[in-house]
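Where a number appears in this text, it was derived from the coordinates with a stated rule and is not lab data. Keep in mind it's a predicted model, so treat the numbers as computed, not measured. Cβ sites come from the backbone with ideal geometry, for glycine too, and all protein chains shown count toward neighbours.
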């Protein structure tokens with residue numbers, strides 16, 4: 001099956017300036033997303049996963065954000081606004097001067113960006129209850145999104161499309177739901193509506209930022225399987241962001257493990273589950289409990305994630321150093337690179353050749 | 001930059017200094033009459049001219065600042081104390097208590113405040129203390145509603161439940177736990193309320209029902225101003241300007257505080 | 001000493017449903033139907049069920065935040081309504097779910113702890129002086145491994161995990177015998193969840209209290225609890 005690249009993130013670095021101190025929230029992130037692919041970015045709080053999603057859509061606060069690196073988007077749908085094959089959302093140009101190299105960083109124009117958002121790249125968020133406008137009925141809100149990108153449709157056509165979408169996401173009695181207000185619906189229903197809104201315009205990429213975290217355990221599976229079904233149906237590539245690695249096993253092909261701004265490990269789902277390489281990934285898996293572990297004490301990591309403004313540490317040493325239980329002498333001597341091990345990529349000296 | 005807060009604060013602080021340093025700033029005794037110097041226009045010796053009894057308008061205006069500020073501050077303090085306590089009780093208890101207080105608020109809001117004040121003043125002696133009390137007792141209703149709304153927002157939040165579970169007395173829960181979280185509208189109302197109170201006092205004094213001469217008040221200087229408006233413009237302009245600047249100052253401060261206290265973006 | 005720490009007997013609770021326009025009561029929805037169970041000392045009971053099955057209501061009734069329509073709750077043999085609110089605070093305490101709203105945003109951590117420690121001393125009749133209060137606070141800080149400078153900080157300056165631990169401290173300062181944990185882990189990262197679970201076990205060992213652990217995660221309940229109360233949407237329940 002021929003798979004084309006649809007999103008390419010190269011060496012992405014994002015820093016936020018707070019009270020004149022830069023915090024390097026993402027460093028050296030490399031990510032490739034292909035057509036028909038579903039990937040997961042797994043990270044705990046402070047890992048930078050939401051910043052990564054926001055960077056793809058340039059949602060970060062311009063006043064305090066500095067980018068470095070490249071994010072390239074390869075649109076598949078033909079449209080008048082985007083005429084090139086490669087759209088650089090973030091582009092870093094190296095300029096050679098006499099004695100030093102300077103970098104000129106460009107981010108995509110707001111005009112193009114607003115065309116991309118919702119039409120080529122969509123996003124759904126964590127909290128279903130604040131995702132929709134409480135004073136408009138839900139049908140109208142979805143209709144509005146369709147209208148913005150499809151000016152030519154008339155009212156009836158938009159209504160029909162909305163009903164079609166609601167049926168697609170398995171909402172029973174879509175005509176009744178159309179007229180309801182967000183507070184009259186359950187979290188699961190609202191999340192389905194958000195999914196419907198996001199795929200309404202058949203985007204090439206759908207980013208789902210912790211879509212099930214605010215929902216009951218029983219709903220998690222059904223929302224994830226809906227996401228899977230929808231993205232397959234419309235040939236949309238999926239980026240699923242979560243802090244809970246256990247639920248995604250059957251829903252994604254490739255996993256990236258993000259910790260304190262760096263990708264520590266990545267690989268095909270099966271391999272990561274059966275053979276996690278990085279000590280952090282192994283630790284994550286060991287945190288899950290069930291009946292069989294009853295009475296056992298669970299593992300825990302000492303200390304906290306390092307200070308992301310401490311440039312001496314985060315650029316020179318392994319980011320997991322202060323909490324790693326499998327340190328070796330080599331770890332004191334520098335920062336590990338990304339090593340390939342049978343299809344998995346891991347950033348740890350334990351796997352250095 | 002929060003321009004409202006900055007400029008509002010500057011004006012208010014300046015007014016406070018003028019009020020405190022009144023004896024130092026004024027050149028003449030504000031009560032001293034000099035009938036040979038009646039209705040003189042502004043000059044070096046009398047920067048704001050003289051009034052119909054030969055008194056220096058500038059000195060009278062400076063001393064009148066004390067009147068305005070103290071009436072403003074004290075009357076609103078009364079209103080804030082009553083309004084906040086009733087708002088807290090009404091919001092927290094709900095039910096019948098809430099109903100009674102809110103109906104009382106509704107009734108009071110039906111009356112045009114100014115006429116209510118006129119009515120009361122008609123029965124009592126018009127002097128500065130009575131004005132403070134009357135304005136205070138008629139300004140609390142809208143604050144009660146604001147405070148009650150804020151209380152309703154937070155009374156079911158976990159930290160309030162947690163305080164209840166800890167067995168704290170209701171008074172403690174209301175004043176130590178809930179009150180700090182509902183202060184935003186109180187602070188803003190305080191500042192805007194002072195502006196309104198000063199206007200009311202000026203109006204009452206203008207009508208002769210407020211501060212009585214020879215005590216100076218911007219309002220009662222305006223009373224003479226209206227009688228001599230064609231021949232002594234300075235008796236109308238300066239007090240009018242003073243009231244205007246003061247009201248603008250407190251309004252800006254109130255607006256600035258509202259902006260300062262509104263929830264900011266999470267970083 | 002009474003055999004059971006907590007006994008819940010035939011509790012019934014319904015909620016009224018009001019019409020939108022005139023707020024007239026149109027129906028009553030039963031949430032809890034004749035529910036009964038008991039809890040021994042130093043045991044943890046999991047309450048497991050989907051949203052809306054009434055677990056939060058049950059717990060609100062046990063902690064006297066709400067009153068049942070009928071039935072009674074006994075703590076150490078006595079009806080919970082016969083305890084004064086100060087006494088009751090030293091019997092049952094609750095840890096809430098949302099780290100953002102569980103601490104008063106305008107009060108410093110030191111203030112929050114001090115008032116509870118004081119309250120505890122007053123109830124047990126001990127003499128209250130600042131030195132004793134501070135040494136107790138320090139003891140509590142050590143148990144939760146929180147740094148001393150946290151006393152001067154405000155909730156918005158702390159991370160979710162730290163807030164959780166401060167909340168636990170506040171619960172501990174009143175020395176309860178029963179601690180209700182209302183989905184305490186769902187807002188936390190997985191690694192923090194593991195840490196908290198360890199911590200809850202440690203505390204139970206040390207202070208010998210009982211837990212009512214509310215969750216919708218079956219694996220969690222089976223790992224942590226000695227017994228589990230399953231609640232279903234239609235009001236049925238089962239104890240295992």
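Quick look at the values:
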| read-out | value |
| --- | --- |
| Gain in span if fully extended, residue A:274 to residue A:173, counting 0.36 nm per residue against the direct Cα distance | 32.1 nm |
| Efficiency of FRET between residue B:52 and residue B:244 - r from beta-carbon atoms, R0 22 angstrom, step 0.05 | 0.45 |
| Value of Rg/Rh across chain B [Cα atoms, Kirkwood radius] | 1.08 |
| Estimated inter-spin distance, residue A:101 and residue B:97, nm [label 7 Å along Cα→Cβ] | 7.1 |
| For the protein assembly as shown, alpha-carbon Rg relative to the globular expectation (2.2 N^0.38 Å, N residues) | 1.18 |
| On Cα atoms only, tilt of C:160-172 relative to the major axis of chain C in degrees | 90 |
| Overall Cα dimensions of chain C, principal axis frame, Å, largest first | 55, 43, 40 |
| Within the stretch C:48-66: backbone nitrogen closer than 12 Å to the residue A:222 label point (7 Å, Cα to C-beta) | C:51 |
| Angle between chain B longest axis and helix B:113-123 axis [Cα atoms, degrees, rounded to 10] | 70 |
| Chain A: relative contact order as a whole-number percent, Cα under 8 Å and 6+ apart | 19 |
| Per-pair calculated FRET efficiency, R0 = 51 Å: residue C:111 and residue C:36 via Cβ, rounded to 0.05 | 0.80 |
| Label zone at residue A:11, where the point sits 7 Å out along the Cα-to-Cβ direction: the stretch A:102-144 residues whose backbone N lies under 19 Å | A:102-108 |
| Efficiency of FRET between residue B:77 and residue B:24 - r from beta-carbon atoms, R0 22 angstrom, step 0.05 | 0.25 |
| Ellipticity estimate at 222 nm from DSSP helix runs (n ≥ 4, -39,500 (n - 2.57)) divided over the protein assembly as shown, nearest 500 | -13500 deg cm²/dmol |
| Relative packing of A:9-22, A:50-63, A:148-161, A:231-244, which averages over residues the other C-beta atoms within 10 Å, highest first | A:231-244, A:50-63, A:9-22, A:148-161 |
| Simple label model, 7 Å out from Cα along Cβ direction - residue C:21 to residue B:16, nm | 5.6 |
| For residues of C:99-106, the mean tally of beta carbons on other chains within 10 Å | 6 |
| Within 10 Å of each Cβ in B:161-174, the average number of Cβ atoms from other chains | 6 |
| Antiparallel bridge percentage (DSSP; both residues within the protein assembly as shown; nearest 5) | 60 |
